[in-house]
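What follows is calculated from the coordinates using simple rules that are stated; it is not laboratory data. Treat the numbers as computed from the prediction; the structure is a model and nothing was measured.
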Amino acid sequence: MDIYLTELRGEPEKPDGYELRFPTLPQEVSISTTATFQSYNIINLGNTVLPDGTDLKSITWDGTLYGTGREECLGTAMREWQDPEDVSKRIQGWEESHQKLRLNITETWINYDVYVKSFKPQLTGGFGDISYSLELTEARLPQILVSNPKASTTIPPQVVANDTKFICDTTMDVSITQGGKYTAMVYCTAGRPNVVAGTGGVVDITLKSRKNDNWYFQCTAKGTVGKMTGVYINGSKQPIFHCSIAAKSINFRGSAAVTSSKKTYTVAGSDTIWYIAVKMYQDGNQWAKIYNANKTLIEAVARAHGKSASERGRYLFPGTKLIIP
């Protein structure tokens, strides 16, 4: 019998990431469900199954990761030796980044997609052992209810009133080459947002499309090089972002219409903030850099979808355009 936690990756999600095989087995695993709370002896878990109609809430256990003084103590309790600090750092990283994982306890029915809800390690004894408590919670896809989806792509002519709440995916200044275009997305549930340029003759702003409550506005550069304007939304007192006109540059592959010192990434359906960090930096531990650069947007989008908070990027929603610092 073995316990594995494997990182989920890709679209559709597959357990293709780092796989942790727990070097030691706990004495007991506790399982909390909607129906009851059960505890099992891990060594004798066997063919026990959940009753029909029950949903998993969490799986918890206490265990020990043996230190360097016990490297040779292999047996039923310790299947292989791994550095306890490395294992602890790995699990803590998953907890902090809200990495989605596949939990599999071989020779049992336990095979769930989970998140690390709580991991509490503590150095114990004189052998470098680390005792820990681990709680895993089942990963469930957030359900987003869309009202009147049949009319979700129509564009009403009237705009919303000033001070109507909104979220814009662009909060940094944008430089557009002459004749170039830039598209900004505005999330607004009350209706068509009012997006205008503060200074005329610099950019033309037109509503190009709509998808549910996401409104896509195209900014087309019309002014001369060096001109700049603020972009205001729903009567905002301060510009949400600025558009400036840049000179065209020669590029044998074609001239880029928009230049920016920051890259962007649009969240897809199964993305986690850890996965985005891996994709952009080849290092999932850089997730906090992405979260901190987009904290205001991420938290606002989470609240707009009914969450009290994003839980530091655990809840990301498709279509959110993140700045990659």
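Points to keep in mind about this one:
- Cross-link pairs exceeding 27 Å between alpha carbons, from the set LYS181/LYS307; LYS222/LYS321; LYS165/LYS307; LYS100/LYS289; LYS100/LYS208: LYS181/LYS307; LYS100/LYS208.
- Dividing the alpha-carbon radius of gyration of region 266-324 by the rule-of-thumb value 2.2 N^0.38 Å gives 1.00.
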